[in-house]
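**Student:** Shown below is the structure under consideration.
The values are calculated or read from the model by the stated rules, or taken from the named source; none is laboratory data. As the structure is a computational prediction, the values presented were derived from the model and not from experiment. Cβ coordinates were reconstructed from backbone atoms using ideal geometry, including for glycine residues, and neighbour counts include every protein chain displayed.
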Amino acid sequence: MFRSSHPAAIQPALPATTDTAPGGCRQPACRLVRGERETAVRVAIVVASARAVEVCALFAPSRGPACVALARQIAMYLAPVACGLTLTEVGRGFGRDRTTAAHACMVVEEKRDDIAFDALVARLESRLADAREGGRK
């Protein structure tokens, strides 16, 4: 597979918009657009608040610290589980490949053997599912 270190090759082009993600983040990857990116941003906001990381860090082209990488993996796991995205859509939404999304899902599934981690993921999943149905927690 061809990999480039050029930022344009890592993240898909985003249409110009003046909207920003809730919380006022103005990073290009956090600007609200339609489709999978918007869903990814909504999931990332929920996960970032629970894991005490910056939302925009979840969309950074680099892996980042372990706490950010795990938060991103949780978000990539929850996007198909709680929001119904395909792994391809999850990858595009987070500016990564679908195989990265699949790997994130495997990592989170393995970590769910830990009772505290499982409770966190279940809580986040429930929160996202309720929001998807129109309710708010």
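**Student:** Looking only at segment 85-99, filter to residues that are farther than 18 Å from Ala48 by Cβ and in contact with a helix residue (DSSP H, G or I) (Cβ under 7 Å, 6 or more places away or on another chain); which one of those is surrounded by the most Cβ atoms within 10 Å (Cβ to Cβ)?
**Tutor:** The extreme case among them is Gly91.
**Student:** Inspect segment 59-70 for any residue being at pLDDT below 50, farther than 28 Å from Ala122 by Cβ and surrounded by 14 or more Cβ atoms within 10 Å (Cβ to Cβ) and give the result as yes or no.
**Tutor:** No: segment 59-70 contains no residue that is at pLDDT below 50, farther than 28 Å from Ala122 by Cβ and surrounded by 14 or more Cβ atoms within 10 Å (Cβ to Cβ).
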